[in-house]
Amino acid sequence: MTATATRPPTTSAKQRRKVRSRKNREMLYLMLPALVPVLLFSVGPLLYGIGLAFTDARAGRNREISFTGLENFTQLLGDGDFWASFKIGLIWSVSVTVLQFLAALGLALLLNQNLRFRGVARVLAVVPWAMPPVCIGLMWKLVYHADAGILNGMLGTDIDWLADFSLALPAIIVVGVWAGMPQTTVVLLAGLQGIPKELYEAVEVDGAGRWRRFWNITLPQLRPVIIAITSLDFVWNINQFGLVYVLTQGGPGGQTRLPMIFAYEEAFRYRFFGYASMLGIAFAIVVLAVLGLYLWRQMREAK
């Protein structure tokens, strides 16, 4: 007696579509608790703000809102205060991004060494990352205080660092570097630990020194990490608001008025909601263009 193999029943294309459709519905139901808040509190306000940018919306009870087209954009092009804040924003973001990258790279290289109490040093290095921007701003205001500040006490001076027209911007750049360095350090340290040790051993056989190992092995291996973290740092820094607002509120005389502070003042001090919305859109487009150019150049060099 011979056993005959039974052929498993085949599912039709219609049944497969039903199963796929049921799985898609289940996935959608599982995503709803996270998707609904995003739509309500992120996408919704974003679309509403874009719509306001093409109106003359201002504060006031029962005030009518009318469509003005590109009138706000035309006003923006001729607004000297906006271009001044944009220039300050570029100086701030580029300076902070470059300086915090250099400082974080040096710290990451140090923490990657087999040092004593390395774990404690790594924990201390990320302390600023755990502090809210408001706390950091208040702390550094005390450091820079003209009468009771630690900095003036160490230097034996009575400089009002945050009220001086020539020193306010460099002073907040230092704070920005200190506040943003930890996350850059953590990312670079993770990248350093991912470099195969065999590469260093191979060049050591050829008699390569530390500088040559750093230039020929470390930097090329870190290039993707460097591109990613500097891009994110640039976006975070150019959109900075809370830290600088606590420190100077854009003063003195607008010397530290970043674009986000300028847009905030137009919206909530002068109540020009439509114009402030257009400022946000225009600035986002410029930031995306600058970031896209930077990423294109970096990826082209990487190839």
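The values are calculated or read from the model by the stated rules, or taken from the named source; none is laboratory data. This one's a predicted model, so the numbers in the text were calculated from it and none came from an experiment. Counting neighbours? That spans all protein chains shown, and the Cβs are built from the backbone with ideal geometry, glycine included. Just so you know, the surface numbers come from the protein's heavy atoms only, side chains and all, with ligands and any DNA or RNA stripped out. Shrake-Rupley method; radii C 1.70, N 1.55, O 1.52, S 1.80 Å.
So what is Rg over Rh here for region 162-261, counting just Cα atoms and using Kirkwood for Rh? Rg divided by Rh gives 1.19. Within a straight-line Cα-Cα reach of under 18 Å, residue 197 can be paired with the following aspartates and glutamates, leaving aside sequence neighbours fewer than 8 residues apart in one chain: 206. The heavy atoms of residue 48 present about 150 square angstrom of accessible area, all protein chains included, probe 1.4 Å. The slack in the chain from residue 39 to residue 141, taken as 0.36 nm per residue of separation less the alpha-carbon distance, amounts to 32.9 nm. For residue 55, the residues 5 or more places off, or on other chains, whose built amide H falls under 5 Å of its own are 68. Taking the accessible area of the chain, probe 1.4 Å, and keeping the other protein chains in place, the carbon and sulfur fraction comes to 65%. Only protein heavy atoms count here; on that basis, with a 1.4 Å probe, residue 14 has an accessible area of about 120 Å².
Our note on the geometry: Cα centres of region 206-271 and region 27-76, 27 Å apart.
With the cut-off at under 16 Å, measuring from each backbone N in region 153-190 to a point 7 Å along the Cα-to-Cβ line of residue 131 picks out 171-184.
On a 1.4 Å probe surface of the protein chains, which of 65, 50, 281, 173 comes out largest in accessible area, and what is the full order?
65, 50, 281, 173
What the Cβ-Cβ distance of residue 103 and residue 77 gives, at R0 = 45 Å and to the nearest 0.05, is a FRET efficiency of 0.75. All C-alpha pair distances within region 124-200, sorted into 10 Å bins from zero, spread as 17, 36, 25, 13, 8, 1 percent across the bins. A 1.4 Å probe run over the chain, with the rest of the protein chains in place, finds 64 Å² accessible per residue. Ligands, DNA and RNA excluded, the heavy atoms of residue 16 present near 120 Å² of accessible surface to a 1.4 Å solvent probe.
Using 0.36 nm per residue and subtracting the Cα-Cα separation, the extra length available between residue 117 and residue 27 on full extension is 27.7 nm.
Each of 78, 94, 24 was scored by the projection of its Cα onto the charge dipole of the chain, and the greatest displacement toward the positive side belongs to 24; charges sit on the C-beta of Lys, Arg, Asp and Glu.
Taken over the C-alpha atoms, the chain has Rg and Dmax values of 26.8, 106 angstrom. Placing +1 on the Cβ of every Lys and Arg and -1 on the Cβ of every Asp and Glu, with no other charges, gives region 2-157 a dipole of roughly 1640 debye about its Cα centre.
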